[in-house]
1. Inspect all residues belonging to region 36-43 and state whether any of them is outside any loop (DSSP other than H, G, I, E, B), modelled with pLDDT of 65 or more and under 23 Å from LYS202 (Cβ atoms).
2. Take region 335-362 and flag every residue that is without any contact (Cβ under 8 Å) to a residue 12 or more places away in the chain, of a type outside the set (Phe, Trp, Tyr) and under 14 Å from ALA529 (Cα atoms).
3. Tally up the residues in region 44-90 that are in a loop (DSSP other than H, G, I, E, B) and either of a type in the set (A, V, I, L, M, F, W, C) or touching a Ser or Thr at 6+ places or on another chain (Cβ under 7 Å) (or both), please.
4. Please state which one of GLY163, GLY119, GLY141 is farther than 22 Å from ARG222 by Cα, surrounded by 15 or more Cβ atoms within 10 Å (Cβ to Cβ), small (Gly, Ala, Ser) and modelled with pLDDT of 95 or more.
5. Between ALA281, ALA285, which is touching a Phe, Trp or Tyr at 6+ places or on another chain (Cβ under 6 Å), touching a residue at least 24 places away in the same chain (Cβ under 8 Å) and closer than 20 Å to LEU372 by Cβ?
6. Quick check on ASP410: is it modelled with pLDDT of 95 or more, surrounded by 20 or more Cβ atoms within 10 Å (Cβ to Cβ) and among the acidic types (Asp, Glu)?
7. Within region 336-353, track down each residue that is assigned to a loop (DSSP other than H, G, I, E, B) and within 18 Å of LEU497 (Cα to Cα).
8. Starting from region 51-75, keep only residues that are open to solvent by 10 Å² or more (accessible area, probe 1.4 Å), then list their pairs with residues that are in a loop (DSSP other than H, G, I, E, B) and among the basic types (Lys, Arg) whose Cβ atoms are within a distance under 7 Å, requiring at least 6 positions of separation or different chains.
Amino acid sequence: MLAGTVACCTAVQAQDKEYKPMDDVNRVVDLTLDSLEKVKTARPEAGSSRVDDHPVLFLVGNSTMRTGTKGNGDNGQWGWGFFAHHYFDENRITVENQALGGTSSRTFYTQLWPDVKRGIRPGDWVIIELGHNDNGPFDSGRCRATIKGISATDSLVVTLKEGPHQGQQETVYSYGEYMRRFVRETRALGAHPILMSLTPRKRATSDPSRQGEETSGWEAVRVNDSFGLWARQVAEELNVPFIDLNELSAAKYDAMSSWKLNYHFYLDNIHTSKFGAEHNARCAAEGLMVCSHPELQPLQAMMQNVALPTTGVKREQGKPVVFITGDSTVKNTDRDSTGMWGWGSQAWRIFDENKITYINCAQAGRSLRTYLREGRWEKVYNDLQPGDFVLIQFGHNDIGELHRGKHRGDIPGVADTSCVSRVVLKDEAYNEVVYSFGWYLRKMIDDCREKGATPIIVSLTPRNEWPDGQHIERRNDSYGLWYRAVAEQTGTTFLDLHNITADALDAIGPEAAKAYYCGDHTHTSLRGARLNALGIAIALRRTGSDLAKYLK
C-alpha cells in the first residue's frame, strides 16, 4: 500500500491492449516488505505447526491478515490471522498464518507461495484473501500491481525497474488469474482451497453543507464491485467455497457508531486494531461455519467457539435485566458473614425481582482495562437486549501501573488517547494497546446504546482513610472528576455513590466506620455492602433514572 505511486505510473501497452494499474485507494505507506530474507525468518516454516498427521489450515494474505514483520501487534495494529486459531480445535487441526504485509496476489504468488506449497499436504486447507495491494505500478516501486478483473487471457510482460529482481522480465496476469492459480495448485497438492473477499477499509464521511470538508464520521468501505466480485466469480467458476468476509464484516460495522468503527482501525484507514482484528477473525469463522458448500463440512466439524460467549443470565419474559459490572467492591467472596462483601450481593435488597432480573458480573481485582481484556465485557455486551440496564463501576484498580505489575492501570483522565504496552504476566507476553480511563467508560456506554440498553455510571466506593481525622477520603479531583466529565460528554446518568457513602460515613465518624470495612481500607464488610447498595437506590431516585421504577 505504497502511497503516491499511482500518480506517477503510466499505462502499459501489450498485445494491442492498454493496461492501466488500479488506483491506490488505501494511501498507506506499508514498510513491512523491507527485506524478503528478514520476513522469511519471522513467518513460520510452512507445515511446521503440524501435529502428527493432523491437517493444517494455511492462511495466505497481506497485512490485514498479518500486520507488521513480526505480526505481534507491537505497533498497535493486528491482522485477523493472529486470532483465527481461537475458532479451531487444536487437537484436530492447527492454524498457520503465512500472510505477509505489503504483498499483492502477484507478489505473494511469485515470492512466497512456492515456500508455502512445500508444507501443504493432502487434506490440508488454504484460505486465500488478497487484493488490498494489487495496485500501483506494474514495473516500479513494489512492482506488485495486477491487471484488474478476472480475465484468463490478459497478460503483459514488464521489465522490473526496482527491487531485488531489477532488470528481470515478468509476466503480469489479472487478479482473477492469480486466484485461479492459487486454487488449482492447492488442489493439485490434494488440499482444499477457500477464497475470501477483502476486509473492509474505513473512510471519512463528508458533510455537503461544509463544502466537502471531512467530518469526524466514518463508514465501512465495501469492494463488491471489484475484488469481492472477482473473488466470488472465480470461486463460482472453479466451484470453490467463497466467504464474503468484506460484506460480513462491513454489515456489522454498519450497526456500530462511527466512533466505534473508527477504533477498530489503528493509525490508518486499513490496518486494524485488536478490536478490528478480532472482529474480522470472528466474521471469517462465522462465514465458514454457515457456508453451505459441501467441501467445507470436514473443516466445520473441527471448528469451535463460534457461538458468542455470554453471561448465562436467565431471562424471564417481560422482565428487563440489570447487569452489574465492577471490581471487588461490587463482587467479593460474599458468603462469610464476617468476611468481605461486594454491594452487588445485596442487589436483592433494592431491586424488585418481580419486575426486573439482576446479574452480578463484577470480578475482584479488575480494572476497566482488564475487564475488557479478559472478555468479561464481551459476555455482557453479547447478552444485552433493548430495555436492559448496565451499572458500570470501576476505579479502585485502574490506578495501577501501565507497564508493570498486574498491567491493569489505565491512562489517567478522559482524553481519547492510547499507547502500546508490553504485557508480561506469568509465562505469557504480548502487546496491548492501553486507553484512558474515560475512553474505556465511553466504549462501554457506546456498546450499551448500540444494543438498545441503558448505561449508568457509578462512582467508586470510598476507602476507609481519614486524612484530617474527621472526613473520609474523597476522589472528586480525579476519578470523580473523570466520571462526571464522561457523563456530561455522553449524556449518561451518573450515580455518585462515592459521595453518598462518604457523607454517611462522615456522619458516624472514623471509629464507627470501621465496622463497614473488612481486612483493609478498601473492601467492605456485609454492613458496608448493604450501605453501598442503599446508596445505589438513593442515587437512582435522586437522578430520576428509569431504573428507579424497578426498586423495591
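The values are calculated or read from the model by the stated rules, or taken from the named source; none is laboratory data. In this text the structure is predicted, and so the values were computed from the model without any measurement. All Cβ positions, glycine included, derive from the backbone under ideal geometry; neighbour counts span all protein chains shown. In case anyone asks, the SASA skips ligands and DNA or RNA and just uses the protein heavy atoms, side chains included. Shrake-Rupley method; radii C 1.70, N 1.55, O 1.52, S 1.80 Å.
1. Keep residues of region 36-43 that are outside any loop (DSSP other than H, G, I, E, B), which gives 36-42.
Retained after the next criterion (residues that are modelled with pLDDT of 65 or more): 42.
Still in the running and under 23 Å from LYS202 (Cβ atoms): none.
Among the residues of region 36-43, not one is outside any loop (DSSP other than H, G, I, E, B), modelled with pLDDT of 65 or more and under 23 Å from LYS202 (Cβ atoms), which makes the answer no.
2. Taking region 335-362 as the starting set, the residues that turn out to be without any contact (Cβ under 8 Å) to a residue 12 or more places away in the chain are 335-336, 348, 353-354.
If we keep only those that are of a type outside the set (Phe, Trp, Tyr) as well, we get 335-336, 353-354.
Listed by number, the residues that qualify are ARG335, ASP336.
3. Within region 44-90, the first condition is being in a loop (DSSP other than H, G, I, E, B), and the residues that meet it are 44-55, 62-77, 79, 83, 89-90.
Subsequent filtering for residues that are either of a type in the set (A, V, I, L, M, F, W, C) or touching a Ser or Thr at 6+ places or on another chain (Cβ under 7 Å) (or both) retains 46, 49-51, 54, 62-65, 68-69, 76-77, 79, 83.
Residues that pass the stated criteria total 15.
4. Values: GLY163 fails: modelled with pLDDT of 95 or more; GLY141 fails: modelled with pLDDT of 95 or more.
Going through GLY163, GLY119, GLY141 in turn, the sole match is GLY119.
5. None of the other options fit; the residue is ALA281.
6. Values: modelled with pLDDT of 95 or more: yes; surrounded by 20 or more Cβ atoms within 10 Å (Cβ to Cβ): yes; among the acidic types (Asp, Glu): yes.
It is true that ASP410 is modelled with pLDDT of 95 or more, surrounded by 20 or more Cβ atoms within 10 Å (Cβ to Cβ) and among the acidic types (Asp, Glu).
7. Residues of region 336-353 assigned to a loop (DSSP other than H, G, I, E, B): 336-340, 342, 352-353.
GLY342, the sole residue that qualifies.
8. From residues that are open to solvent by 10 Å² or more (accessible area, probe 1.4 Å), the pairs are HIS54/ARG92.
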